[in-house]
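**Student:** Below are the structure tokens for one structure; questions will follow.
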Amino acid sequence: MAKITYIEHGGQKHEIDVANGLTVMEGAVQNDIPGIDADCGGSMACATCHVYVKEDWFPKLPNKENGEDDMLDQAYEPKANSRLSCQITVSDELNGLVVHLPEKQV
Amino acid sequence: MIKTDALIIGAGPTGLFCAHQLGIIGLKCEIVDNLDKIGGQCIELYPDKPIYDIPAIPQCTGEELTNNLIEQIKPFNINFHLSDRVQEIKKEKENWRVKTLKGKEFLTPNIVIAGGVGSFEPRKFPTKSTDKFDGKTVLYSIKDKTIFKDKSVVIFGGGDSALDWAIELSKSSKVTLIHRRDEFRGAQSSVDKVKELQKNNKLEIFTKYSMKDVKGNGKLESVEIKDDDGNSKLISADYVLGFFGLIMQLGPILDWGLNIDKKTIPVNTETFETNKQGIFAIGDICTYPGKLKLILSGFHEGALAARGCFKYARPDEKLRFEFTTTSKAVQNRLGLKND
Ligand SMILES: Cc1cc2nc3c(=O)[nH]c(=O)nc-3n(C[C@H](O)[C@H](O)[C@H](O)COP(=O)(O)OP(=O)(O)OC[C@H]3O[C@@H](n4cnc5c(N)ncnc54)[C@H](O)[C@@H]3O)c2cc1C
Ligand code: FES
């Protein structure tokens, strides 16, 4: 289990306990956090689960999946700390992770 | 104006199989899809990926599934209206009058929405300033490449469309290619080609830059690009092209007075009718307790929605339950010769 903080573009914070094995995207969707669309259901085909990972956390996450950067090219305003939240699997090591949600997904 | 028993919105697997089921019970239908090809997500997002959970087909790719569905509905000679979007619907007595973006009109007692997660549309620049040039000098697809002759064209993107157009247009335009990172995801041969053109000063490339703003009073003059550290650069431009792939947007479907729950449409599971009489929703776009966003569920939903359409298309007839193996009537509809 990991405590993950999702911060909406407007600043609204959501602190959620997400079970190990779920993705950061699923943690958001299952808890009705606005700002993550996840149109393709986590199959890395839509880039609407895009998040900005808090700078100090970015290097600590497992590496990007093959093809994730290709998909991020198609996200809304990608930056250096962009990730697809459906490709980040939650584990104890992610306790305290903070992700910022983009202004919009599409 | 086209009269038909049912209009299907969406040529994904669900819409295609629903067309089959309509044909089996003797109803005519027309299919509209915003994509320029048939197959929905299967053909747009994963044509080469194998699917393992289509009943009785141990493995097939998105493209194979689509081709098989097209083959299966051949006997019914169904009309497809591709590269067009259903925009407006209006009730007229027993019928719905349906209008598309390109101005086609349909009159039908039944609309079957098999719209998936929405219609596929090009992803646009996030900047607002690009809006006022949209469709004129800021473009997301190319219909007539001659307009770029001897002009300055700034192309954004790192995939095949961006690379292919950069190569093509560099023959007769001043091309600048901009991509947000060093790596391009297009075919290696195209990547090599643009790098070679860059070496020979046939085009310019800026990587690790993205769109900041477009400038121009009435007429587009330049593009401002920025890197991750906030440094920016101004590039003169007559045209700006963006190739960021496709996104799925519910768009007009939201305006039809249908109940919507988190981008999906609630339906009754007997006929898959929505809160509006004669409008059905099937596949990824519908929701009900236990809904699975799987192709196999879409097939089942399409079969029941087709039966639901029958009572509005043939109010004076009774629908008979028949097997394809044994019914002469069904086999006639399939164009099979009976002895
Ligand atoms: C990478 C990936 C892998 C997948 N793997 C599997 C798998 O293994 N097994 C499985 O069962 N499912 C899988 N799926 C899910 C499956 O593809 C979908 O459930 C299925 O495509 C849904 O079909 P559909 O016909 O409902 O909608 P879609 O396939 O989304 O088609 C909808 C069509 O409607 C069109 N449309 C929408 N609105 C309009 C409008 N207003 N006017 C005109 N056209 C419109 C769209 O352009 C689109 O072409 C996968 C999905 C992805 C992305
Ligand atoms: S949910 Fe579609 S890419 Fe992550």
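The values are calculated or read from the model by the stated rules, or taken from the named source; none is laboratory data. Predicted, not measured: the structure shown is a model, and the values here were computed from it. Note: ideal-geometry Cβ built from the backbone for every residue, glycine included; neighbour counts use all protein chains shown.
**Student:** Report yes if B:K263 is within 14 Å of ligand 1 (Cβ to nearest atom) and over 22 Å from the mean Cα position of the chain (by Cα), otherwise no. Before the answer, list the steps.
**Tutor:** Numbers: within 14 Å of ligand 1 (Cβ to nearest atom): yes; over 22 Å from the mean Cα position of the chain (by Cα): no.
Spelling it out, it is not the case that B:K263 is within 14 Å of ligand 1 (Cβ to nearest atom) and over 22 Å from the mean Cα position of the chain (by Cα).
**Student:** Sticking with this structure for a sec: Any residue in the range B:146-167 that is away from every other protein chain (no Cβ under 11 Å) sitting within a Cβ distance under 9 Å of a residue that is in a helix (DSSP H, G or I) and aromatic (F, W, Y)? List the pairs, counting only those 6 or more apart or interchain.
**Tutor:** Pairs found: B:V153/B:W165; B:I155/B:W165.
**Student:** Continuing with the same structure: From the residues in the range B:277-314 that are in a loop (DSSP other than H, G, I, E, B) and in contact (Cβ under 8 Å) with a residue 60 or more places away in the chain, which one is farthest from the other protein chains (Cβ to nearest Cβ)? I'd like the intermediate steps shown before the answer.
**Tutor:** Going through the range B:277-314, the residues in a loop (DSSP other than H, G, I, E, B) turn out to be B:277-278, B:282, B:288-294, B:314.
Then drop every residue that is not in contact (Cβ under 8 Å) with a residue 60 or more places away in the chain, which leaves B:278, B:282, B:294, B:314.
On the way: B:G278: 28, B:I282: 17, B:L294: 10, B:R314: 37 Å.
Going through the qualifying residues, I end up with B:R314.
**Student:** Can you tell me which of B:D238, B:D229 is acidic (D, E), away from ligand 1 (no atom under 16 Å from the Cβ) and crowded, with 19+ Cβ neighbours inside 10 Å?
**Tutor:** Numbers: B:D229 fails: crowded, with 19+ Cβ neighbours inside 10 Å.
None of the other options fit; the residue is B:D238.
For every residue, the table says whether it meets (1) farther than 27 Å from B:R320 by Cα; (2) surrounded by 13 or more Cβ atoms within 10 Å (Cβ to Cβ); (3) near ligand 1 (Cβ under 10 Å from one of its atoms).
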{"site": "B:L16", "(1), (2), (3)": "no, yes, yes"}
{"site": "B:H20", "(1), (2), (3)": "no, yes, no"}
{"site": "B:I24", "(1), (2), (3)": "no, yes, no"}
{"site": "B:Q87", "(1), (2), (3)": "yes, yes, yes"}
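**Student:** Mind checking which pairs have a first residue in the range B:42-59 that is within 13 Å of another protein chain (Cβ to nearest Cβ) and a second that is more than 8 Å from ligand 1 (Cβ to nearest atom) and charged (D, E, K, R), Cβ under 8 Å, 6 or more apart or different chains?
**Tutor:** These pairs meet every condition: B:C42/B:E63; B:I43/B:K37; B:I43/B:E63; B:E44/B:K37; B:P47/B:E63; B:D48/B:E63.
**Student:** Here's something else I'd like to know. Any idea which residue in the range B:37-62 is nearest to B:N77 (Cα to Cα), counting only those that are charged (D, E, K, R) and within 10 Å of ligand 1 (Cβ to nearest atom)?
**Tutor:** From the range B:37-62, those charged (D, E, K, R) are B:37, B:44, B:48-49, B:53; that's our starting set.
Among the residues that remain, those that are also within 10 Å of ligand 1 (Cβ to nearest atom) are: B:37, B:44, B:49, B:53.
On the way: B:K37: 17, B:E44: 23, B:K49: 28, B:D53: 28 Å.
Only one residue fits best here, namely B:K37.
**Student:** If I go through the range A:78-106 residue by residue, how many of them are of a type in the set (S, T, N, Q) and within 14 Å of chain B (Cβ to nearest Cβ)? Steps first, please.
**Tutor:** Just the residues of the range A:78-106 that are of a type in the set (S, T, N, Q), to begin with: A:81-82, A:85, A:87, A:89, A:91, A:95, A:105.
Filter once more, so that each one left must be within 14 Å of chain B (Cβ to nearest Cβ): A:81-82, A:105.
Selection size over the range A:78-106: 3.
The rows are residues; the columns are (1) of a type in the set (A, V, I, L, M, F, W, C); (2) away from ligand 2 (no atom under 16 Å from the Cβ); (3) without any contact (Cβ under 8 Å) to a residue 12 or more places away in the chain.
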residue: A:K3; (1), (2), (3): no, yes, no
residue: A:K13; (1), (2), (3): no, yes, yes
residue: A:T48; (1), (2), (3): no, no, no
residue: A:E68; (1), (2), (3): no, no, no
residue: A:Q87; (1), (2), (3): no, no, no
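**Student:** Kindly indicate whether any position in the range B:1-12 is within 14 Å of chain A (Cβ to nearest Cβ) and modelled with pLDDT of 95 or more. Walk me through it before giving the result.
**Tutor:** Kept after step one, since they are within 14 Å of chain A (Cβ to nearest Cβ), are these residues of the range B:1-12: B:12.
So of that shortlist, the ones also modelled with pLDDT of 95 or more come out as B:12.
Checking the range B:1-12: at least one residue is within 14 Å of chain A (Cβ to nearest Cβ) and modelled with pLDDT of 95 or more.
**Student:** Give the range B:28-79 a look and list any residue that's of a type in the set (A, V, I, L, M) and part of a loop (DSSP other than H, G, I, E, B), or say none. Don't jump to the end; show me each part of the working.
**Tutor:** From the range B:28-79, those of a type in the set (A, V, I, L, M) are B:31-32, B:35, B:38, B:43, B:45, B:51, B:54, B:56-57, B:65, B:69-70, B:73, B:78; that's our starting set.
Scanning the range B:28-79 gives B:L35, B:I38, B:L45, B:A56, B:I78.
**Student:** When the residues of the range A:59-84 are filtered to those that are of a type in the set (S, T, N, Q) and either within 16 Å of ligand 1 (Cβ to nearest atom) or closer than 14 Å to B:L45 by Cα (or both), which remaining residue is surrounded by the most Cβ atoms within 10 Å (Cβ to Cβ)?
**Tutor:** Let us first name the residues in the range A:59-84 that are of a type in the set (S, T, N, Q), namely A:63, A:66, A:74, A:81-82.
Next cut, either within 16 Å of ligand 1 (Cβ to nearest atom) or closer than 14 Å to B:L45 by Cα (or both) only: A:66, A:74.
Working: A:N66: 9, A:Q74: 22.
Out of the qualifying residues, it is A:Q74.
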